[in-house]
Amino acid sequence: MSLTRKKFVFIFLFLLTLLISVFASDFLKTYDFAWAIKFPKSLIFPFKIYISSSIKWLIESATFGIFTFNDLTRAISWVIEQPYEIILSLVAKGFYSGQGSQAELILSPMSWIAVVGIMTIVAIKLKDLSLAILTFFSFLYLAIFDQWQSSMVTLASIFIAVPFGVAIGILFGISSYKSLFAHKIINPILNLMQTMPVFAYLVPILVLFGFGPVSALIATIIYALPPMVHTTYLGLKGINPSIIEAGKMCGCNNQQLLWRVEIPSALNSIKLGINQVIMLSFNMVIIASMIGAGGLGYDVLTSLRKLDIGGGVEAGLAIVILAIVLDRMSFAYIGKHKKYSEKSATFFKRNFHLIIIIVLILSSYLLGVFVEFLKSYPEHFTLSTSAFWEKSIKFINVNYYDQLELFKFYLLKYFMLPIKGFFISIPWPWFIFILVLLGWHYGRAKLAILNLILLAFIVINGLWLKAMVTIYLCGASVILACLIGIPLGIWGGLNDRANKILSSIADTLQTLPSFVYLIPVVMLFRVGDFTAMLAVILYSLAPAVKYTIHGIRSINSEIIDAGKANGCNNRQLLFNIRLPLALPEILLGINQTIMLALSMLVITALVGTRELGQEVYIALTKADIGRGLVAGLCVAFIAIISDNLIKSASKKMKLKYGLTL
Amino acid sequence: MFKVKTLISVLALSIFFSYSSKAVESQDPIKLTLHDWTGQLITTNIMAEVLKEAGYNIELVQADYIAQFAGLQTGDLHVAMEMWETTGRDAIDEYTPDGRVINVGSTGMDAIEEWWYPSYMKDECPGLPNWEVLNECAEAFSTMETAPNGRYLGGPVTWGGFDDERVEALGLDWEVIHAGTDAALFAELESAYQRKAPIMLWIYAPHWAPSKFDGEFVEFPAYTSECYNDPSWGINPNSAYDCGKPRGPIWKVASSQLKDKWPGAYNAVEAFTISNDEMGQMVAAVDLDGNSVEAVVADWMDNNKSRWQSWIK
């Protein structure tokens with residue numbers, strides 16, 4: 001009974017909002033309530049100016065007595081720069097003495113053969129021959145397609161960003177596990193870090209940490225850190241209390257308990273966090289290259305500036321390949337259990353792989369002196385598929401443009417523009433009221449008040465209209481992404497082969513830098529909201545597919561059997577059993593899709609959308625710290641509101657179906 | 001022990017001699033910034049090669065076009081070779097007054113920014129490049145979303161340019177659509193050119209596009225500063241911006257540290273000049289013919305020896 005009433009209230013509120021959105025704006029304007037549509041300029045609170053001036057104060061005058069704030073940040077960049085320089089020299093640059101153009105080469109970088117060999121051996125040691133073969137051919141691809149030098153630069157930055165991200169993440173995770181107070185502070189900061197568009201904090205980082213690859217590394221670490229903290233915290237929280245009890249009984253002090261008992265027990269979660277840090281670091285490759293990281297990201301950017309689509313695709317695929325190989329390796333590392341070597345084994349036997357690696361490095365250096373081929377991959381043996389990509393796009397463009405244009409026109413007219421109209425003409429007080437109501441429904445006072453504060457922030461900064469365009473663009477993309485992704489996910493959930501194919505497509509889409517497909521999409525659909533929406537859909541499709549597959553696959557097989565025993569046909573099994581049970585998981589997938597769509601919106605500003613992403617991008621190009629951070633916060637707040645609502649809805653649903661949380 | 005000492009002193013001496021063969025003020029590296037368009041890479045590499053010939057120690061650093069000013073101010077970065085009057089004026093005005101960043105003068109190149117169309121559109125609209133025919137031809141340049149108005153693809157909003165105001169002031173039946181980046185801008189041009197489809201867009205020079213694609217700039221009433229500031233000037237007595245876009249020099253800017261620490265290098269940067277045509281050819285050699293920036297710069301160095309030698313005298 002109460003359920004149907006609730007449904008009724010929801011539908012009533014939605015229809016009311018629709019009516020208001022259609023009729024209110026004229027009504028309000030004629031009766032002098034225009035402030036409810038457009039927040040008056042005179043009341044806008046200049047947060048951005050305060051933020052800019054306080055950052056300026058931090059850099060120019062803040063001091064701790066003995067040293068200034070600027071000294072501190074520069075010291076941090078120095079600490080990160082040293083290991084980075086060593087690795088970069090080792091794999092890409094070579095060691096030099098002296099500075100700038102007068103430096104002289106002391107030791108050339110490791111030969112490509114040595115790097116390929118080492119990675120292959122590590123793969124064998126981590127898992128098995130098949131991973132080794134994948135690794136071998138992937139790294140060979142980098143050499144053959146002339147991506148070697150840039151790939152090594154990118155790899156060097158990943159090798160630095162990941163350990164720093166992991167170490168800092170584990171420390172934060174431990175402190176938020178040990179102290180409730182720390183947890184209360186760290187958690188909201190993590191949420192912000194995860195949802196704030198990276199463009200928003202690039203400029204402050206540049207100013208604080210100086211120009212060059214170090215700033216790019218720091219931005220990468222900030223972006224990739226949050227899942228490490230989360231997994232560490234969850235891993236520690238999830239330890240069986242009796243294990244800790246046993247540790248205490250054996251007389252561990254706090255330090256021993258942490259490092260000998262708790263951390264080893266949480267190791268699997270921690271390893272999963274490491275995997276996430278690696279993947280997120282790869283997502284940052286392009287953006288990092290905008291502030292001086294160089295490498296593959298820089299190649300993608302410059303080839304697209306030259307409209308060299310093929311060059312962009314090749315460099316982009318190199319990023320995908322590196323990401324997938326390291327992802328598989330880190331998963332192998334997660335699944336690996338420590339084997340204790342037998343005492344009787346000789347030194348040689350125990351360190352067999354290490355010895356091969358050392359021999360490989362030394363011999364490639366020695367032989368490299370005589371044989372150029374061993375030192376660097378010969379240029380005339382490289383291949384390129386550039387022409388192929390260029391020709392395909394041209395073919396589609398010349399032959400199918402009119403059909404695509406028509407398709408775009410109808411989708412714009414009957415799908416996107418109505419949604420846009422709906423959102424931008426809802427008066428803001430009403431919109432806030434509805435969201436506070438929803439907050440109350442799902443999370444009582446806490447969520448209601450949070451929603452009120454976050455939305456009020458957007459209003460008083462005068463960004464309401466841009467926020468609504470953001471919601472429209474993101475909403476339209478998410479709807480289509482789900483309409484495509486969820487059915488695909490269901491197919492993958494029911495069919496093993498489909499699962500394999502879909503998973504690898506999803507992996508590729510997630511790691512392929514969006515810049516690579518942004519330009520071809522512009523060529524076929526011109527700049528504007530439609531192009532932006534296509535790019536967002538491509539990027540955010542993966543979680544909708546993956547979570548649906550996971551949701552359907554993880555249903556207890558006994559429930560399915562019970563259904564079969566009761567005489568359900570396949571259709572009934574799907575719609576009455578599988579889908580309802582997978583729904584909470586699918587909702588989480590939709591949530592993840594929304595998060596990715598929001599993070600992508602900043603990039604769509606590059607094809608001329610007019611929303612918060614554009615605001616962030618304008619601030620970036622004008623180096624306006626305050627403006628960028630304020631707009632970034634607004635994006636983060638939208639993400640946080642929708643994240644909270646959907647997570648609580650998913651939780652409620654799980655309770656309803658009696659699933660464990 | 002003795003042997004080691006000798007070795008060290010020999011090494012030290014040899015380093016001393018190799019450096020002192022060309023005496024310059026300091027052997028610390030001078031940092032020149034690189035951005036992400038080819039023309040700038042070429043000017044910066046030419047400057048770097050010239051300074052190297054003079055014996056200076058050079059380092060090339062990636063930096064963002066506007067964000068680099070913070071670095072120039074603190075002395076983290078030293079020279080930025082291209083700061084366009086049309087896009088960099090605000091930043092120059094903001095950072096030069098306190099003397100920590102210096103405008104070192106023009107590169108000799110003039111920036112052109114204007115509405116541009118491919119030549120095949122002249123068949124549809126024979127009156128071009130005169131701006132007065134724009135209204136008659138609006139429909140020929142329209143798309144499904146803008147019809148019957150013409151569609152003009154403007155630069156990213158961050159470039160400014162006052163195109164919305166221009167359309168208003170000149171009473172043009174055109175709609176201004178803003179591209180987000182110049183990559184998107186040229187992607188649309190490439191796409192339209194492949195299909196010989198109508199397009200009108202913002203192009204700037206020096207750039208490879210005017211050499212790759214055959215076309216012309218629209219001729220608006222010439223820019224004067226009164227046109228932008230004084231509504232009564234020009235065709236529309238009630239509105240400013242009733243003229244074309246300004247054209248202006250591309251400046252070189254430097255950190256004040258360059259002048260203090262490496263005065264010789266500062267003079268060389270000041271002396272550097274190059275022409276629009278030279279630059280257009282070099283950009284096309286890189287972006288269209290696929291040569292490397294290094295090769296094109298080396299060519300230029302060989303062919304213009306007397307010129308750059310006079311910069312470092």
Exercise for the section: Exactly one condition in (1) within 30 Å of the chain's Cα centre (by Cα); (2) surrounded by fewer than 17 Cβ atoms within 10 Å (Cβ to Cβ) is not met by residue A:389; state its number. Expected result: (2)
Practice task
Being more than 18 Å from residue A:650 (Cα to Cα), under 21 Å from the mean Cα position of the chain (by Cα), of a type outside the set (Ser, Thr, Tyr) and more than 14 Å from every other protein chain (Cβ to nearest Cβ) is the filter here, so list the residues in the stretch A:582-629 that pass it.
Solution key: A:596, A:597, A:598, A:629
Problem - Test: residue B:33 is surrounded by 12 or more Cβ atoms within 10 Å (Cβ to Cβ), at pLDDT 80 or above and either under 15 Å from the mean Cα position of the chain (by Cα) or more than 12 Å from chain A (Cβ to nearest Cβ) (or both) - result: yes
Problem - Selection within the stretch B:48-68 - more than 7 Å from every other protein chain (Cβ to nearest Cβ), surrounded by 21 or more Cβ atoms within 10 Å (Cβ to Cβ) and under 19 Å from the mean Cα position of the chain (by Cα) - result: B:48, B:68
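Conditions tested, residue by residue: (1) under 27 Å from the mean Cα position of the chain (by Cα); (2) of a type outside the set (Asp, Glu); (3) farther than 17 Å from residue A:533 by Cβ.
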{"position": "A:447", "(1), (2), (3)": "yes, yes, yes"}
{"position": "A:450", "(1), (2), (3)": "yes, yes, yes"}
{"position": "A:454", "(1), (2), (3)": "yes, yes, yes"}
{"position": "A:460", "(1), (2), (3)": "no, yes, yes"}
{"position": "A:463", "(1), (2), (3)": "yes, yes, yes"}
{"position": "A:468", "(1), (2), (3)": "yes, yes, no"}
{"position": "A:476", "(1), (2), (3)": "yes, yes, no"}
{"position": "A:479", "(1), (2), (3)": "yes, yes, no"}
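Against the definition (over 21 Å from the mean Cα position of the chain (by Cα) and β-branched (Val, Ile, Thr)), how does residue A:229 come out, yes or no?
Considered against the rule, which asks whether it is over 21 Å from the mean Cα position of the chain (by Cα) and β-branched (Val, Ile, Thr), residue A:229 comes out as no.
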Exercise for the section: Please note which strands (runs of 3 or more DSSP E) are completely contained in the stretch B:103-206 and include at least 1 residues that are in contact (Cβ under 8 Å) with a residue 60 or more places away in the chain and either away from chain A (no Cβ under 13 Å) or over 28 Å from residue B:232 (Cβ atoms) (or both). Expected result: B:200-205
Practice task
May I ask you to list the residues in the stretch B:213-225 that are under 18 Å from residue B:168 (Cα atoms) and either under 21 Å from the mean Cα position of the chain (by Cα) or not assigned by TED's automatic domain parsing to the domain that holds residue B:160 (or both)?
Solution key: B:218, B:223
Practice task
Looking only at the stretch A:418-431, decide whether some residue is within 14 Å of another protein chain (Cβ to nearest Cβ) and at pLDDT below 90.
Solution key: yes
Exercise for the section: Sort out which residues of the stretch A:392-429 are crowded, with 18+ Cβ neighbours inside 10 Å and under 16 Å from residue B:188 (Cβ atoms), and write them in order of number. Expected result: A:393, A:397, A:401, A:408
Handout entry: Any hit, the stretch B:226-239, residues being part of a helix (DSSP H, G or I), touching a helix residue (DSSP H, G or I) at 6+ places or on another chain (Cβ under 9 Å) and either farther than 25 Å from residue B:204 by Cα or among the acidic types (Asp, Glu) (or both)
Key = no
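A quick yes/no check of all residues on (1) touching a residue at least 24 places away in the same chain (Cβ under 8 Å); (2) away from every other protein chain (no Cβ under 14 Å); (3) basic (Lys, Arg); (4) over 22 Å from residue A:334 (Cα atoms):
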residue: A:86; (1), (2), (3), (4): no, yes, no, yes
residue: A:89; (1), (2), (3), (4): no, yes, no, yes
residue: A:114; (1), (2), (3), (4): yes, yes, no, yes
residue: A:129; (1), (2), (3), (4): no, yes, no, no
residue: A:138; (1), (2), (3), (4): yes, yes, no, no
Problem - Candidate set from the stretch A:19-38 (those that are touching a Phe, Trp or Tyr at 6+ places or on another chain (Cβ under 7 Å) and modelled with pLDDT of 75 or more); member that is nearest to residue A:423 (Cα to Cα) - result: A:21
Handout entry: Number of the condition not met by residue A:496 [criteria: (1) more than 28 Å from residue A:401 (Cβ to Cβ); (2) of a type in the set (Asp, Glu); (3) within 14 Å of another protein chain (Cβ to nearest Cβ)]
Key = (3)
Handout entry: Odd one out for residue B:277, checked against (1) farther than 22 Å from residue B:208 by Cβ; (2) part of a helix (DSSP H, G or I)
Key = (1)
Fill in the blank from the handout: Exactly one of B:38, B:44 is closer than 30 Å to residue B:298 by Cβ, within 12 Å of chain A (Cβ to nearest Cβ) and in contact (Cβ under 8 Å) with a residue 24 or more places away in the chain, and that residue is B:38
Practice task
Output the residue which, of all residues in the stretch A:277-293 that are within 11 Å of chain B (Cβ to nearest Cβ) and modelled with pLDDT of 80 or more, is nearest to residue A:161 (Cα to Cα).
Solution key: A:288
Exercise for the section: May I ask you to say which residue of B:75, B:154, B:161, B:71 is touching a helix residue (DSSP H, G or I) at 6+ places or on another chain (Cβ under 9 Å), small (Gly, Ala, Ser) and more than 30 Å from residue B:45 (Cβ to Cβ)? Expected result: B:154
Practice task
Residue by residue through the stretch A:503-551, note down the ones that are buried (at least 21 other Cβ atoms within 10 Å of the Cβ), of a type in the set (A, V, I, L, M) and within 17 Å of residue A:282 (Cβ to Cβ).
Solution key: A:506, A:516, A:542
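The values are calculated or read from the model by the stated rules, or taken from the named source; none is laboratory data. The shown structure was predicted, so the numbers you read here are calculated from the model rather than taken from an experiment. Heads up, the Cβs are rebuilt from the backbone with ideal geometry, glycines too, and the neighbour counts pull from every protein chain shown.
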